[in-house]
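The values are calculated or read from the model by the stated rules, or taken from the named source; none is laboratory data. Given the structure is predicted, the values throughout are model-derived calculations rather than measurements. Every residue, glycine as well, gets a Cβ built from its backbone with ideal geometry; the counts of neighbours run over all protein chains shown. Areas reflect the complete protein model, heavy atoms only, side chains present, ligands, DNA and RNA absent. Shrake-Rupley method; radii C 1.70, N 1.55, O 1.52, S 1.80 Å.
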Amino acid sequence: MTRLARLALASAALLCTAFPAALSSAQNGPRIAPYTVVETGRSYTRLQDAVDAIGGGHGTIRFASLRFADCAVQTGGDVTYEAAVPGQSVLDGVVCEGKGALVLRGRSATVSGLVFANMRVPDKNGSGIRLEHGNLSVSQAWFRDSEQGILTGNDPDGTIMIDKSTFTRLGTCEGSGCAHSIYVGNYGALTVTRSRFEEGTGGHYAKSRAARVAILNCSFDDSRGRGTNYMIDLADGATGRISGNWFVQGRDKENYSAFIAVAAEHRNHPSGGLVVEDNNARFAPGIERRAAFVADWSGDAVQLGANVLGAGLVRYERR
C-alpha cells in the first residue's frame, strides 16, 4: 500500500470517528438511524417515526450526538426524549405545525439533555417546546436564540417541572403579542429549580398563568438583555414560593418598573400566601434607577420575607 493510500485510509477513519452517527461507511452507505426507542432497541431516521412507534404507550427515545433538522408531534402516551450525551443533541431551526420543535399533547413528556436552537415562525412565537396538554418535565436542557423557549396552552390538571436548564437570548415583542423565555398558560402547577435565564431579547423571562408556582434557586441575569420586561410575571396571580433566586436587572428595558409582578393582568387565581423570600436582587453596575422588587395588583396578602435588595429597589409596591 502506498503512503498516499495509507493517509487516505487514516483520514477516512478519522472522519468516521468524528461523526459516528452520521454515516456507516466512508462510501455512500446507509445512514445510521439517530433515534433509538430504548425499550425495543429499534432505531429510526425520523423523530416522528420514533414518536409514532411509542404511540399511546410508554417509551424513551434516545438521541444521538448530532445536530438535527427535525421535529415531531406527540399526540398520546408518555414519551421521554433524552440525549445520549447531555448537550450534544441539538434540534436546530425546524418546527412542526408552525409551533415548535416538540409539539406535545399526549399524557406526559420528559425532556432531558437536549438543546433547542433557532426556532422562528411567522407568528413570532417559535418555541423549542410547545406544550398543549399533559404533564411536562424538563432537565439539563438549553433553549437558545429563538423567539420562545417553552410555550404552553391550558391544562388546569397538569404540572410542569423545569430543573437545571438554561434559557438564553429568547423573547420578542415583534408579533401581535410578546414571546418570552418561558410562557406557561393556565396550568395546575409550575416548578422551576436550579435554572438560568440570561440575555433576554424581549418579553418576560418567566411568564406564568399557573395557579401554583415554585421558582427556587434560579438566576435571572438581565445585564445583557435587550428590550426586556419583568423577570417573573405571575399574570393571573398565584400561590406558592419564590425563593433562593438571584436577580440582576440590566439597562435596556421595555419596562423596568418591577422585577416580580403579581396579577398584573387578571386575578384568576388567589395570591394570598404567595411567599417571596431569601432572594438577592439588584441593578447591573452603573445603573441608577428606582423599581419595585415585587409589584402586586392582586389585593391579597402576599408574604415577603427577608430579601437582599440593592440600592434603588423598593421592597413592595401595591398597584
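Observations, loosely collected:
- Global geometry of the stretch 139-211, whether rounded, prolate or oblate, following the gyration tensor of its Cα atoms and the 1.5 cut on a/c: oblate
- Sorting 131-143, 240-252 by average packing, meaning the other beta carbons within 10 Å per residue, from highest down gives 131-143, 240-252.
- Just the protein heavy atoms count here, and of the accessible area of the chain at 1.4 Å, carbon and sulfur take up 50 percent.
- Per residue, the chain exposes 43 Å² of accessible surface when a 1.4 Å probe is rolled over the protein heavy atoms with every protein chain present.
- Inter-part distance where the stretch 208-252 and the stretch 33-75 are each reduced to a Cα centre, Å: 34
- Prolate/oblate/rounded label for the stretch 61-220 (Cα gyration tensor, a/c 1.5): rounded
- For the stretch 47-197, the relative contact order is 17 percent, taking Cα pairs closer than 8 Å that sit 6 or more residues apart in sequence and dividing their mean separation by the residue count.
- Among VAL275, VAL51, VAL192: highest mean-square fluctuation, GNM of the chain, C-alpha pairs under 10 Å: VAL275
- In terms of accessible area, using a 1.4 Å probe and ignoring ligands and nucleic acids, SER89, SER257 rank largest first as SER257, SER89.
- Radius of gyration (Cα atoms) of the stretch 208-286, expressed as a multiple of 2.2 N^0.38 Å: 1.10.
- The angle between the Cα long axis of helix 3-18 and the longest principal axis of the Cα atoms of the chain comes to about 40 degrees, rounded to the nearest 10.
- Cα gyration tensor, the chain - rounded (a/c under 1.5), prolate or oblate: prolate
- Highest-first packing order for the peptide set 100-106, 171-177 is 100-106, 171-177, based on the mean count of other beta carbon atoms within 10 Å.
- Computed over the stretch 164-319: relative contact order in percent, which uses C-alpha pairs under 8 Å that are six or more apart: 17
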